[in-house]
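As structure tokens, the structure follows; a few thoughts come after it.
The values are calculated or read from the model by the stated rules, or taken from the named source; none is laboratory data. Note that the structure is predicted; figures quoted are calculated from it, not measured. Every residue, glycine among them, receives a Cβ derived from its backbone with ideal geometry; neighbour counts consider all protein chains shown.
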Amino acid sequence: MIREEVTATPLWSNCSGKHAGLLALATLHGWPTDGYEALDHPVQARVAETVARWTGVPEAQLGWGVDGCTAAAVALPLVAMARAYAALGTGRSTELARLRDAMMDWPMLVAGSERIDTVLMAAWPGRVLAKIGAEGVFSAALPTLGVGLTLKVHDGDMRCAGFALIALLEQLVTRLDPAGDWPMEPLAAWQRPTIRNTRGVVTGGYEARGGWHFTDTEGGNR
């Protein structure tokens, strides 16, 4: 953009793809495109229906706000988001399979170069899909293991969300598939990253502490 002296517009927003999809949905069904981002529009009604279907949260219990890109944004419990990602990773429906395959076949289009989402999917091709959220949220699915997960950093720090995701995934695959080949070398930069000052001197770093606590439906350890 700088080289070509392009003026930034909303079309350059990182949410522009989402808005293009919402507008395509409106066009497909012959719905008006004006106000497509508002909660009372048929597009958002379809979004709410779909979110409820895959998260297991009834539509009446969904919480709504306005995203930074002006589209309606839904509030969900972490377990509901993880449930939806598990369905995305393992679901056999045509729509889920199409989304899953597109993300894993073209990880660069999910996030971009040097982004954890893309690097992770390139490191474990066909075995993971991941997508960052906002305010410290990160979700992922492991289709071959039938697992979906979502995490939230309490203070919304986006850097920590990525580091936490890598740490949790490392523990998870070690626990569930100890004999599997899950290369961590391509993810080394996000395992224990250092903090450097403007002179390149290491002044600190990040380290994930804690881990998984597995329980069964009766509350016992597993």
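What to note about this one:
- Beta carbons closer than 7 Å, at least 6 apart along the sequence or on distinct chains, never pair a first residue in region 155-176 that is outside the structural domain of Arg127 (by TED's automatic domain parsing) and free of Cβ contacts under 8 Å to residues at least 40 places away in the same chain with a second that is hydroxyl-bearing (Ser, Thr, Tyr) and surrounded by 14 or more Cβ atoms within 10 Å (Cβ to Cβ).
- Qualifying residue in region 118-126 (condition: part of a helix (DSSP H, G or I), of a type in the set (Val, Ile, Thr), without any contact (Cβ under 8 Å) to a residue 60 or more places away in the chain and surrounded by 13 or more Cβ atoms within 10 Å (Cβ to Cβ)): yes
- Residue count, region 70-91 (criterion: over 16 Å from the mean Cα position of the chain (by Cα) and either farther than 26 Å from Asp101 by Cβ or outside the structural domain of Tyr36 (by TED's automatic domain parsing) (or both)): 3
- Residue check for Ala87: under 30 Å from Pro186 (Cβ atoms), touching a residue at least 12 places away in the same chain (Cβ under 8 Å), among the small types (Gly, Ala, Ser) and surrounded by 14 or more Cβ atoms within 10 Å (Cβ to Cβ): yes
- Options Gly205, Gly146; residue that is farther than 15 Å from Met121 by Cα, in the same structural domain as Met104 (by TED's automatic domain parsing) and touching a residue at least 60 places away in the same chain (Cβ under 8 Å): Gly146
- Annotation: Ala48 fulfils all but one of (1) in contact with a strand residue (DSSP E or B) (Cβ under 8 Å, 6 or more places away or on another chain); (2) at pLDDT 95 or above; (3) in a loop (DSSP other than H, G, I, E, B); the unmet one is (3).
- Yes/no for Ser93 being without any contact (Cβ under 8 Å) to a residue 40 or more places away in the chain and either in contact with a Cys (Cβ under 9 Å, 6 or more places away or on another chain) or within 29 Å of Pro193 (Cβ to Cβ) (or both): no
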